[in-house]
Structure formats: C-alpha cells, structure tokens
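Comments concern the structure below.
The values are calculated or read from the model by the stated rules, or taken from the named source; none is laboratory data. The model shown is predicted, which means the values in this text are computed figures rather than measured ones. A quick note on method: Cβ atoms are made from the backbone with ideal geometry, for glycine too, and the neighbour counts reach across all protein chains shown.
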Amino acid sequence: MDELLRTIDRVRSELETYREHRLNERRTRTIIIDPILGSLGWSVRDLKQVDEEYPTVDGKSVDYALLVNGAVALLVEAKPLADPLADVKAITQVVGYATNDGVAYCILTNGIKWQVYCSMEQCPAPDKLMFEVSLDPSATTDSALPQLAERMWSFSREGVLKRALDGIRERTFVDGRVRTALDALMRSAPRAFLNLVTKQMDDPSLSDQRVKDAIARVWARGPGEAPPTPRIAPPPPLVAATPRPGPQPPPSTDAAATSNATLETWIMDALRALGGAGELSALLRRIAATHGSVMTPADEAVRGGRGQSPTEKVWEYRARWMITNLRRAGLVKPVTRRGYVELVAGADADDLKGRYRAKRAEAATKAWQGMRLRAFDESHHTQGKPDSVLALYRRLDEACHAFRPGEVEKQYLKQVISYRVGKQVFCQVHLLKSGLKVWLKLRYADLQTPPPFARDVSTVGHWGSGDLELAVATPGELEAATPLIRLSLGP
C-alpha cells in the first residue's frame, strides 16, 4: 500500500506536466499506467501476471489481461490521458470483451481516472459501472488519498486473490436492488406487511392507514434515528440537497428505478417548460428542480465534490438515449447542434407509444429481412486469416465430414461455420487470427479429463451453440479435440 501511495503522489505532482505534453495512449501506458499496475502487484514484465495486447474472441485485443494462476482475472483497456472516458462505444467495447471472454471484471482508464465495470450484470454497459476513482488533485484532497488507495487496492493482485471486487459488486448492485425494493415496500406497504407490523406492535387501536403512514415516516428518517422534536407548526416536507451547478440526475440513487416511459414524459414536460427548446444541461436541471435530486454518499466520495459522479453519468446517458427515441418517434426535431434539444410543434407525449413502437417494429422487420436475404460464404470467414489458422480449419473440416461421409452439411453464418447432420448441429467454429474457437453440444462437467484449452461457457455469452468451448491453436490441440467433436455428434 505504501508503494501505491508513493506512485499516486508522484503522478499527482507531475500531472500538469503530463497534460502539457499531451500524452498519447502509448506514453500514458508507459509513464502512468504501468507504474500504477506495478504498485498494485501486477508486474507488466512478468508474463505470468500480465499479458499485453491480449487477443479477444472477435480477433481484436485488449491492452492488458491481468492473470492469476494462468487464468484472466481482469481486463484493462487504456486510453490517452486527455480521454474523458465518457464514450459509450468505448465502454460497451471493453465490457463486451470481458463478457465474451467470461471475465467478470474490466477496467477502462486514462491513467488518472480508473472505471471498474462488472461485465456479468444484466443491464446496459454504462450501468455496469461499479465505481470510479480519480487521481486528479482537483477531484481528491491529500487527506482522502488513503481512502482512494484503499479503493484501488480492491483490483490489486492481493485484492483479486481475496475477491475484494466480489464484495463491492454485492454492495453496488445487489444492495441497490434490495434498497429499491424495500423503498417501494415501505412507501406503500401492502396488506400482508401491515398485518405483520400491527401484530408485532399488539395495539389494535391503530388504524391501518396510521400504521402505513408511520412506516413511511420511519423509513424516510432511516432505521434507528429518533423522531423529530414535536413543534407547534408542522415540520417542513423532506427535500433534496441543494442542487450543485451542472446537470443534475433525476430523483433516484438507482438509475434503474425510473422507467424509460417515465423519463420520456419528464423530458417532454421539461421541454415544454423551457419554451419548447433548450440545452441538455438546462433540461436536466429542470427535471432535477421539478422532481428532486439525490446522490449517494459513495457518489460524493468518488466525485470529490467536483465533476460528474457515476450516477450522474448514467442519468445523462439515459437522457440522451431517451431523446434519441423521441427524435425517432418524430416528437423531437433532428439535431442542429450538439447538446441542443427542440420539441416538434404540436408534439404530444400520448403519440409516443403508438408511433414509436410502429417505427421500431418496421425497422426490426427490415433488419431481420436483410439478415435473412444476406448470404455468407467461406471467404467471409477465411479472408485475412493466417495460413496456420486456415490449415487448422481445413483439418477440422476434413475431420467433421469424415465422421458421416455424405451426411454432414456445412452452413456459413455471420459469426460461425456450422456443421450438422440433418437438423442436429454438432460443431460450430469461428476463425481468429490466433486460432479456432470451437463450440460443441457437450457439458463440461460430464468430461472426465477436460483438455486445458476447454472451458464451460454455459453461464456466459458466446456465439456458437453448445456449452463447451475449445480454443484450438495448434495441430496437437486439434488432434486432442477431434474425439470431443465426434462425441458431440453422438452415435
């Protein structure tokens, strides 16, 4: 931890110099990211700990794969120092790499900001953010450095071995969902819950409505807090904290708590209140002023009182997406300049459901028809692949046809080449520049001695059909994989 603190202190002291030199991605990695990873126990010179330019299943590469006992524990994608890390496409890309490779956690960093995502959560990629830390002196005071280093230590080699990120994932996602569910339960207690509370109090004189109101008041104050001191005048209603300058999030610490339909209605109402047009920042401030604004203590700690917190980023991303939906529905005018939103004259939010759903259905039908009409061939898969990979593919192709001569059919799909007998698909292969990815309809748990290049993909996303994935890179591995391919075909 002391070495990490010294490295952070050095980076903070030299940050302005780094910015003046406008470090590109390569220099950002060499000057900032590599030393920080080293301070966290990941030596970039140790091939057993760090695999640079790690190849992904789609033939691309990630800047760092952090290894524990030969298995990838974390993926790290680096960006230039000046990159704000706000590009949804970049976030989706690194999270997609982790999801496809079955890696639970990934990091997007420009050396100063470190954003940690959990790829396994079932939500849009930007919503998978677990936490963000910033080494910028303007965002974090010197007194907060130990807490910042402790948070970064969760993705150190020691922290990964102790599964520290698993605990943060539980507190971030599971606790958030439970909090949302409890909040809905407490603010509008159902009959069964009221009966339990009434029975526990053993006071039949209290009406259900009084108990229900009391539950909502107690929950709003927080468990264990004393009720407010009685006064002659009624207490003022609970209000949100004073809004800070800049865009404000709508009223929830959980971005999933407000539905898309509700957010679309808020945007339409806010645009009308602004006279039919306005900047996105003004639009979000209007929504916050109308519906309130709440930020979690965790957001405040990471945010350091400046810039955007993770929660605010999620809300701005969702607002932009909903505005795009409204634009497609014909309720918001096309873009004239960045960040400016203008309502179509006479637009009615009641039109949204029918008009937008009809347009989406039409677009989906055209996309599906295009997919059905598009024909793929072998060159779609083999173009640009090394001779060594093509030789592996030819040998696998010969082996598959030899199992049932004259019966095996081959089909070229967008991502895979599929082998089948009748309606039974028994093998699917995807060609990479580093080898072959092969998917078989076998269960990993049923294999007595699975080869080292096999893995269970029953719980992770993958292109091929089947729960067993083989990463074949050499003729020897293909020879070892052939009996498994035959087993997948069956008797």
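So Lys414 ticks every box in (1) assigned to a strand (DSSP E or B); (2) within 30 Å of Gln122 (Cα to Cα) but one. Which box is left unticked?
(1)
Condition first: surrounded by fewer than 17 Cβ atoms within 10 Å (Cβ to Cβ) and either under 22 Å from Pro84 (Cβ atoms) or outside the structural domain of Val94 (by TED's automatic domain parsing) (or both). Now tell me which residues in segment 36-56 satisfy that.
Listed by number, the list is empty, since nothing qualifies.
Tell me, please, whether a residue that is of a type in the set (Asp, Glu) and assigned to a helix (DSSP H, G or I) can be found in segment 105-126.
No: zero hits.
Go through segment 163-209 residue by residue and tally those that are over 30 Å from Val72 (Cα atoms) and either not acidic (Asp, Glu) or not in a helix (DSSP H, G or I) (or both).
Final tally of qualifying residues: 30.
Taking into account only those residues within segment 449-489 that are modelled with pLDDT under 90 and either assigned by TED's automatic domain parsing to the domain that holds Val57 or under 13 Å from Leu436 (Cβ atoms) (or both), which is surrounded by the fewest Cβ atoms within 10 Å (Cβ to Cβ)?
Applying the filter and picking the extreme gives Trp463.
Which of the residues belonging to segment 333-351 are at pLDDT below 75, in contact with a strand residue (DSSP E or B) (Cβ under 8 Å, 6 or more places away or on another chain) and among the small types (Gly, Ala, Ser)?
Ala347
Quick one: is Leu185 more than 19 Å from Leu37 (Cβ to Cβ), in contact with a helix residue (DSSP H, G or I) (Cβ under 7 Å, 6 or more places away or on another chain) and at pLDDT 75 or above?
Yes.
Taking the stated definitions as given, is Val178 aliphatic (A, V, I, L, M) and over 30 Å from Cys123 (Cβ atoms)?
Judged against the criteria, Val178 is not a match.
Scanning for something in contact with a helix residue (DSSP H, G or I) (Cβ under 6 Å, 6 or more places away or on another chain), surrounded by fewer than 21 Cβ atoms within 10 Å (Cβ to Cβ) and in the same structural domain as Ile33 (by TED's automatic domain parsing), does segment 103-114 turn up at least one residue?
For segment 103-114, residues in contact with a helix residue (DSSP H, G or I) (Cβ under 6 Å, 6 or more places away or on another chain), surrounded by fewer than 21 Cβ atoms within 10 Å (Cβ to Cβ) and in the same structural domain as Ile33 (by TED's automatic domain parsing): absent.
Just to verify a result, which residue in segment 64-92, among those that are out of contact with any Phe, Trp or Tyr (no Cβ under 8 Å at 6 or more places or on another chain) and surrounded by 17 or more Cβ atoms within 10 Å (Cβ to Cβ), is nearest to Val314 (Cα to Cα)?
Leu85
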